[in-house]
Amino acid sequence: MAQDSGQQHPLSIYFGIWGLLFVISFFSYMVDYLNFQGTLRWTLILIFMFLKAGLIVAIFMHMAWERLALKIAILGPPVALLVLVWLMAYEADYTFLTRIVFFGEGAPLPLHH
């Protein structure tokens, strides 16, 4: 019988990250419980969301132990999409303001079909 050899990670890492996810989730719920408003609320929600997602991908999906080339191949396309979405959102204000300048302040906006 041939034995399968592979890398084993101590269970303490998984239990520690599991506990950390509970702590981050607690803080995430506290944002709603303490009734934060406006930009601070959404900033904290996004920070906690990205922290939890990053920990899950890094530890539970074993990304922390992969080679750099595989990390770039998996994480590169979503990062590129986020940059493109940011560029579209950035240009949306410019396009809207250009329409106002061209058509005038009181001109109706075109309807979407």
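Listed here are the residues, each with its yes/no results for (1) more than 20 Å from PRO10 (Cα to Cα); (2) assigned by TED's automatic domain parsing to the domain that holds TYR14; (3) assigned to a helix (DSSP H, G or I).
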site: SER28; (1), (2), (3): yes, yes, yes
site: ASP32; (1), (2), (3): yes, yes, yes
site: PHE36; (1), (2), (3): yes, yes, no
site: THR39; (1), (2), (3): yes, yes, yes
site: LEU44; (1), (2), (3): yes, yes, yes
site: MET49; (1), (2), (3): yes, yes, yes
site: GLY54; (1), (2), (3): no, yes, yes
site: ILE59; (1), (2), (3): no, yes, yes
> In region 27-61, which residues are in contact (Cβ under 8 Å) with a residue 12 or more places away in the chain and surrounded by fewer than 12 Cβ atoms within 10 Å (Cβ to Cβ)?
Replying inline: none
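The values are calculated or read from the model by the stated rules, or taken from the named source; none is laboratory data. Keep in mind that what you see is a predicted model, and the values were worked out from it rather than measured. Methodologically, a virtual Cβ is constructed for each residue, glycine included, from the backbone with ideal geometry; neighbour enumeration extends over all protein chains shown.
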